[in-house]
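Encoded as structure tokens, the structure appears first; notes follow it.
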Amino acid sequence: MKFYTKIISLLLLVVITAACKNTEKNTTNPSTSNAVNHDVNYTSKMTKADKKKFYDANNNVVYEIKYKPDGFKLRTASSKLLWKIKLYDAKIKISDNEENLNPYEIKLVNDNTAKLVKNDTKLARLTYTASSNTQTITSTNGLEPKEIKGNYAPSLLINMISEISEDQKKIIINELVLKGF
């Protein structure tokens, strides 16, 4: 009996080790989801079970993501917080501080609609039309509505947050799409 226990333990250890093995992927590859793919010109690599690093063309670390059970943090190469993303069933909070003070919120209104708010002020709205597989983002600041082909992805409202740089937006959107947002 001890022999079988040792074999099972060894097999389990091999499977866990294989699952945790560092894999490198280029984030410009299409996502396995049907949502819109946002190209990021960095390669990424899981360096720990809860950390992914993004590298530029010269193999320098540019950003890292630290995963938490309820979201993730986008940080600089020196681990300085840039954006904290907290996930809930019906909303996503995006803030630039650990305390989550004055966050942007993406609120899921229903299966086809989401809105971006800050301090209870609506900034933008995303609506999805299934018949045309089109998402429309309407801003409250007078910009023309933007139509995007693809499945419902409320994470696209990240594009309406001007404080987030374009490359950071792409990374955050990709992570949220992978999490079903």
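General observations
- Stretchable slack from Asp111 to Ser132, in nm (0.36 nm times residue separation minus alpha-carbon distance): 6.0 nm
- Sorted fewest first by neighbouring Cβ atoms within 10 angstrom, Glu166, Glu105 come out as Glu166, Glu105.
- When both bridge partners sit in region 23-178, DSSP labels roughly 100% of those beta bridges antiparallel.
- Cβ-based exposure ranking for Val109, Val177, Val117, in which fewest neighbours within 10 Å come first: Val109, Val117, Val177
- Value of relative contact order over region 67-140, rounded to a whole percent, pairs C-alpha under 8 Å and six or more apart: 15
- Residue order for Met46, Met160, fewest other beta carbons within 10 angstrom first, comes to Met46, Met160.
- Computed log₁₀ I(q)/I(0) - Debye formula, equal Cα scatterers, no solvent, region 39-165, q 0.22 Å⁻¹: -1.25
- Each label was represented as a point 7 Å from its Cα along the Cα-to-Cβ direction; for Ile148 and Ala77 these points are 2.8 nm apart.
- Extension gain, Thr121 back to Asn41 (0.36 nm per residue minus Cα-Cα distance, nm): 25.5 nm
- Extended-chain gain in nm, criterion 0.36 nm per residue less alpha-carbon gap, Asp70 and Asp50: 6.0 nm
- In a simple Cβ point-charge model (Lys, Arg +1; Asp, Glu -1; nothing else charged), region 23-178 has a dipole of about 300 debye relative to its Cα centre.
Quick note: the coordinates plus some simple rules give every number you see, no bench work behind them. The structure presented is a predicted model; accordingly, all values stated were derived computationally and were not measured. Because the Cβ atoms are built from the backbone with ideal geometry, glycine has one as well, and the counts that use them run over all protein chains shown.
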